[in-house]
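What follows draws every value from the coordinates through simple rules; no lab data is involved. From a predicted model like this one, the values you see are computed outputs, not experimental measurements. Every residue, glycine among them, receives a Cβ derived from its backbone with ideal geometry; neighbour counts consider all protein chains shown.
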Amino acid sequence: MKPQISLIKLSLIQLGGIVGAGTFALPAAFQSMGILSGSAVYWSMALTVLTLHLLYTEIILARPDLMHARIPGQAGMLFGTPAKIFAYAIYPTKLIGAIAIYIILGGGFLHTLITMVTGAG
């Protein structure tokens, strides 16, 4: 039997990902775009992600057999073997891309922080 994740823990995991990405990306985006353009882009992206998450939730609730499978398994059940293979292949690319973005943004943040603390630059 698989362990159950509480709604609170699941929400905190999602919140951690959102806050972590926003900590590095949002200040840079707002600085380059300005407050009005940055706000428009932010809210349109937030509504897009919210819509996608709600659609995904509706699919999972409509098909209880999908609840205990991960995304590649769900893709296989819904769209067949090619979709399952694609989902397995895209995961490492997504993971490496996310890690690269965090390294780049985190490096920029650390450079700014160290420069401010030490006065070097």
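How much net charge surrounds Ile90 when only other residues with a Cβ under 14 Å from its Cβ are counted (Lys, Arg +1; Asp, Glu -1)? Show your work: numbers first, answer last.
On the way: positive: Arg70, Lys84, Lys94; negative: none.
Taking every other residue near Ile90 into account, the sum is +3.
For Thr81 and Thr51, what is the calculated FRET efficiency with R₀ set at 22 Å and r taken between the beta-carbons, to the nearest 0.05?
Efficiency, from the Cβ-Cβ distance: 0.20.
Distance in nm between label sites at Thr112 and Leu7, each 7 Å beyond Cα in the beta-carbon direction?
The two pseudo-label positions are separated by 3.7 nm.
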